[in-house]
Amino acid sequence: MSNQNISLSGLAKRLIADNLIEKNIIQDATESAHSKKIPLVTYLVQNNLIHADQLAQTAADEFGTPIIELSSLDPEFYPKDLVDDSLIRKHRALPLYKRGTRLFIAMSDPTNLHAVDEIKFNTGLNVETVVTADNKLNDAIESFLDQQDTTFDDMGDTDLDDLDIESGQEKEEDSDNDGDDAPIVRFVNKILLDAIKLGASDIHFEPYEKAYRIRFRTDGILKEAARPPVNLAGKLAARLKVMSRMDISERRIPQDGRIKLKLSKTRAIDFRVNTLPTLFGEKVVLRILDPDSAKLGIDALGYEDDQKTLFLNALEQPQGMILVTGPTGSGKTVSLYTGLNILNTPERNISTAEDPVEINLEGINQVNVHAKVGLDFGSALRAFLRQDPDIVMVGEIRDLETGEIAIKAAQTGHLVLSTLHTNSAPETLTRLRNMGVPSFNIATSVSLIIAQRLARRLCKHCKAPMDVPDEALLAEGFRKDEFDNLSLFKAVGCDKCSSGYKGRVGIYEVVKITDKIGRIIMEDGNAIQIADAAREEGFNDLRASGLEKARQGVTSLEEVNRVTTGH
């Protein structure tokens, strides 16, 4: 390679302009540094071509970067375990101090933007550089690393070293990671732990043409959590696919997998993982499945006293069907699992068919349906009925065959629990009829329908009273005789919550199939007639239940409107 083909950096030109080095010398130095793959600044200092202090001052002037004398700082206060040792050595970047979300690092070569980007990605902090003399930086880095008792590597995987322990892949993968992959491993681990700590229900890894976005769904709302460099999209997807035992070479079709994360000897979190090929890479979504959510108990779910009584009474019946309805993410699974936990005793034979099994419940026979091999809900149900079950749970009634078998089971001495994707209890009954299930069978087998939504709870630390005009209260559905004693609250926001909300509570429409409602069903009444009858029987619809939660100060009127009317 000829000198003439090597372009000089801005720093090199500044050194020539200031008469600190001759042009031919800096050209040779630039070529040699390039061939040896070391920074030009380091090469100049190592070969005594320019004094380190003078070079640092010139670099600071050229790039408008602050200069610092490391001897003026106390190494005891350098942030430990924040930046990985391998990155400190690789980029010769020393972490000095952290202020809020900003991390200040000392470098001798402020042109190394790759180092800044990689440290920013690795730590999740905004990185700012200060310049220091190369020789003093080298000594400070060696001293800093020698004093570290525990590296970030040791810390980063402490809670995650049992991932996929059943397959043994995680141990093998860790041992094979080189320096380039280690930040990816730690970053993914950190994202998983952060999501758990924030109580997120989903994690979305989303590649776009010029950006990469990671979002958490917390309390039902998606919020951005990180923006790693877009060129890492492939590595992040590959890492998640390895962890969930997918085929990393297959990028053309969706895949499903699971990750098991052991937080302690007594607590583990499962992640249900799905990949989807998009225009700019694979989008990966992880659904967080916390077994503890199935053990909350019915009192924690938000049922009103009369609704809870109806649910418990239906669970005590030896036969019949309990249907839980609502859109995706409305808490149907938790309601079903709560009911199963109440029923789960050594005297009962309980079987479930799910797509897929989300939470493992000890003492219950759970089956993953697999349509490709012929194991669908219908065939699983038929098999259950040959194994003398007491209680059967079907993940979802999707077609006439599944509906008919479930109805038959409910009529022949079995308690059946299942879900449908409908918006209200009356619509559930008409949906079954539209599938082709005879009205008589619906009326005589379905005992209880629960329609539900999840609303965000107001933060108890910062919620504030709000004034609403009487006309607006009437329009919302409140009664005029309750205005004087009505106290409504609004979201404010504080350091203990997210936008004024913390956690979620269920809003329910619990309808028992009474004789009156049964007659309307058998007469092929529509959803409006059934809803009117349910109201006359004293069953609150979703809107009325939501307003009750607002009256109690549990949630805001704005949130009730969002989940019950979509506004």
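Checking Glu559, Glu509 one by one, the residue that is assigned to a strand (DSSP E or B), closer than 30 Å to Leu315 by Cβ and not hydrophobic (A, V, I, L, M, F, W, C) is Glu509 and no other.
Of the numbered criteria (1) hydrophobic (A, V, I, L, M, F, W, C); (2) modelled with pLDDT of 95 or more; (3) open to solvent by 30 Å² or more (accessible area, probe 1.4 Å), the one Ala451 fails is (3). Filtered by the rule that a residue be surrounded by fewer than 20 Cβ atoms within 10 Å (Cβ to Cβ) and more than 21 Å from Glu128 (Cβ to Cβ), the stretch 51-70 gives His51, Asp53, Gln54.
The residue of the stretch 379-402 that is least open to solvent (accessible area, probe 1.4 Å), among those that are under 29 Å from Arg453 (Cβ atoms) and small (Gly, Ala, Ser), is Ala380. The single condition from (1) open to solvent by 60 Å² or more (accessible area, probe 1.4 Å); (2) touching a helix residue (DSSP H, G or I) at 6+ places or on another chain (Cβ under 8 Å); (3) touching a residue at least 24 places away in the same chain (Cβ under 8 Å) that Ile530 fails is (1). Among the residues making up the stretch 465-506, those that are open to solvent by 60 Å² or more (accessible area, probe 1.4 Å), over 24 Å from Gly199 (Cα atoms) and either assigned to a helix (DSSP H, G or I) or in contact with a His (Cβ under 9 Å, 6 or more places away or on another chain) (or both) are Asp470, Glu471, Leu474, Ala475, Lys480, Asp481, Asp484, Asn485. The numbered conditions (1) open to solvent by 50 Å² or more (accessible area, probe 1.4 Å); (2) of a type in the set (Asp, Glu); (3) touching a residue at least 12 places away in the same chain (Cβ under 8 Å) are all true for Asp84 except (1).
Tell me, yes or no, whether the stretch 400-419 has at least one residue that is in a strand (DSSP E or B), modelled with pLDDT of 90 or more, in contact with a helix residue (DSSP H, G or I) (Cβ under 9 Å, 6 or more places away or on another chain) and not hydrophobic (A, V, I, L, M, F, W, C). Within the stretch 400-419 (the criterion being in a strand (DSSP E or B), modelled with pLDDT of 90 or more, in contact with a helix residue (DSSP H, G or I) (Cβ under 9 Å, 6 or more places away or on another chain) and not hydrophobic (A, V, I, L, M, F, W, C)), the answer is yes, since at least one residue qualifies.
Among the residues of the stretch 260-284, the one identified as closer than 16 Å to Leu361 by Cα, of a type outside the set (D, E, K, R) and open to solvent by 60 Å² or more (accessible area, probe 1.4 Å) is Thr266.
Considering the stretch 7-25, and only residues there that are within 24 Å of Lys90 (Cα to Cα) and either among the aromatic types (Phe, Trp, Tyr) or surrounded by 13 or more Cβ atoms within 10 Å (Cβ to Cβ) (or both), the residue that is modelled with the lowest pLDDT turns out to be Leu8.
Just checking, which of Arg551, Arg519, Arg535, Arg543 is more than 19 Å from Glu482 (Cβ to Cβ) and surrounded by fewer than 22 Cβ atoms within 10 Å (Cβ to Cβ)? Explain how you work it out, then say what you get.
Working: Arg551 fails: more than 19 Å from Glu482 (Cβ to Cβ); Arg535 fails: more than 19 Å from Glu482 (Cβ to Cβ); Arg543 fails: more than 19 Å from Glu482 (Cβ to Cβ).
Checking each option against the conditions leaves just Arg519.
Would you confirm, using the coordinates I've provided, whether Asp28 is part of a loop (DSSP other than H, G, I, E, B) and not small (Gly, Ala, Ser)? The answer is no for Asp28.
Scanning the stretch 403-434 for residues that are over 14 Å from Val392 (Cβ atoms), open to solvent by 10 Å² or more (accessible area, probe 1.4 Å) and touching a Lys or Arg at 6+ places or on another chain (Cβ under 9 Å) yields a total of 1.
Number of residues in the stretch 182-222 that are over 22 Å from Lys502 (Cβ atoms), among the hydroxyl-bearing types (Ser, Thr, Tyr) and part of a strand (DSSP E or B): the value is 1.
The values are calculated or read from the model by the stated rules, or taken from the named source; none is laboratory data. Keep in mind it's a predicted model, so treat the numbers as computed, not measured. Neighbour counts are summed over all protein chains in view; Cβ atoms, including those assigned to glycine, are modelled from backbone coordinates with ideal geometry. We work out accessible area using only protein heavy atoms, side chains counted, and drop any ligands, DNA or RNA first. Shrake-Rupley method; radii C 1.70, N 1.55, O 1.52, S 1.80 Å.
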